[in-house]
Ligand SMILES: [Zn+2]
């Protein structure tokens with residue numbers, strides 16, 4: 001006779017269920033994306049992302065100190081400058097919007113500050129680098145990325161997150177930081193960033209839609225997952241300290257696969273479209289509120305160490 005395999009799953013005691021849970025959403029592992037706008041005079045709601053605002057530089061310190069009190073793991077900063085040009089020169093201005101915001105946040109709280117590093121918010125054409133004709137000139141763009149990294153470092157950033165997907169961006173930034181005495185600053189690389197329709201609401205928030213063409217020449221094809229492992233290992237060998245998979249919940253296989261292939265921490269970025277989709281489904285009553293927790297748990301279960309999510313603030317406030 002075969003022995004009966006008892007999984008003893010009929011647990012009703014909530015505390016025992018929690019004790020035995022294999023993974024849980026953890027606010028100290030969550031990062032809240034924060035938009036800071038040079039033109040804003042008060043928090044401006046982002047259309048398409050209910051509950052999300054662009055903050056004026058003068059108010060971002062206070063807002064982040066509130067997030068710090070909630071016990072969040074950190075913030076990921078995006079700048080919306082008032083001035084754009086062909087070469088995105090505001091991105092490396094020491095008095096630019098992100099640089100000023102970093103200083104303000106650092107005097108008001110101890111929350112870890114990660115700054116997104118890209119040029120699409122700063123270029124008049126909305127592409128992630130400097131154009132040569134209709135294409136982004138990869139190597140010319142790397143020089144600008146290094147300048148941005150140094151200006152963030154001088155402002156006091158904790159972690160730099162290059163998101164432009166240029167080849168060689170991690171090593172260019174690493175070398176620039178090391179040469180200037182900033183070797184302690186880690187790089188969180190957007191190593192597996194897919195060309196996804198889920199970025200729509202973000203582009204409105206950050207004012208970063210490309211004026212022509214799209215970003216498929218430098219972002220990944222959503223039909224591919226082995227390619228993510230190649231991107232991850234390229235960034236790892238260039239000196240990335242944290243790898244990222246973006247978006248998150250349609251890419252759990254990529255998170256899982258990445259986890260099997262690296263010992264670096266992995267951050268999953270649940271993007272604006274995921275937030276809006278989940279928020280709207282819950283707000284309309286189509287799905288129950290626990291859908292939010294389910295979506296916040298899945299990336300951790302798949303192997304992520306860190307979750308970047310627009311739900312971080314409300315989750316941390318309520319838990
Ligand atoms: Zn970009």
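We did not get these values from a lab; they are worked out from the coordinates using the rules stated. Model, not experiment: these values are computed from the prediction. Glycine also receives a Cβ, built like all others from the backbone with ideal geometry; neighbour counts cover every protein chain displayed.
Counted by neighbouring Cβ atoms within 10 Å, the residues 204, 313 run from fewest to most as 204, 313.
Note on the chain: helix-only mean residue ellipticity at 222 nm, from DSSP H runs of 4+ residues weighted -39500 (n - 2.57) and normalised by residue number, equals -11500 deg cm²/dmol. Roughly what % antiparallel, to the nearest 5, for the DSSP beta bridges in the chain? Looking only at bridges with both residues in the chain, the antiparallel portion is about 10 percent.
In this simple spin-label model, placing a label point 7 Å from the Cα along the Cα-to-Cβ direction at both residue 23 and residue 6 gives a separation of 3.0 nm. Axis of helix 138-155 versus longest Cα principal axis of the chain: the two differ by about 80°, to the nearest ten degrees. I need the Debye-formula profile for the chain: one equal scatterer per C-alpha, no solvent, reported as log10 I(q)/I(0) at q = 0.16 1/Å, two decimals. Values returned for q = 0.16 Å⁻¹ are -1.45. Note on residue 85 and residue 216: the model spin-label points, each 7 Å out from Cα along the C-beta direction, lie 3.3 nm apart. Neighbour counts of C-beta atoms inside 10 Å place 125, 319 in the sequence 319, 125, starting with the fewest.
Using a Gaussian network model of the chain in which every pair of alpha carbons under 10 angstrom is joined by a spring, one finds that among 71, 51, 164 the greatest mean-square fluctuation is at 51.
With each label modelled as a point 7 angstrom along the Cα→C-beta vector, the residue 180-residue 227 pair spans 3.2 nm. Applying 1/(1 + (r/R0)^6) with R0 = 25 Å to the Cβ-Cβ distance of residue 14 and residue 301 gives a FRET efficiency near 0.85. Using only the Cα atoms of the range 78-125, build the gyration tensor, take square roots of its eigenvalues as a ≥ b ≥ c, and label the shape rounded, prolate or oblate: rounded if a/c is under 1.5, else prolate if a/b is larger than b/c, else oblate. Because a/c hits 1.5 or more and a/b exceeds b/c, the range 78-125 counts as prolate.
Computed from Cα positions, the angle between helix 169-179 and the longest principal axis of the chain comes to roughly 70 degrees. When the Gaussian network model of the chain links Cα atoms closer than 10 Å, the mean-square fluctuations of 161, 248, 281 top out at 281. Relative to the first principal axis of the alpha-carbon coordinates of the chain, what is the inclination of helix 252-261, with its axis defined by its Cα atoms, in degrees from 0 to 90 and to the nearest 10? Result, in degrees: 80.
Largest GNM mean-square fluctuation across 200, 88, 213, computed for the chain with C-alpha springs under 10 Å, falls on 213.
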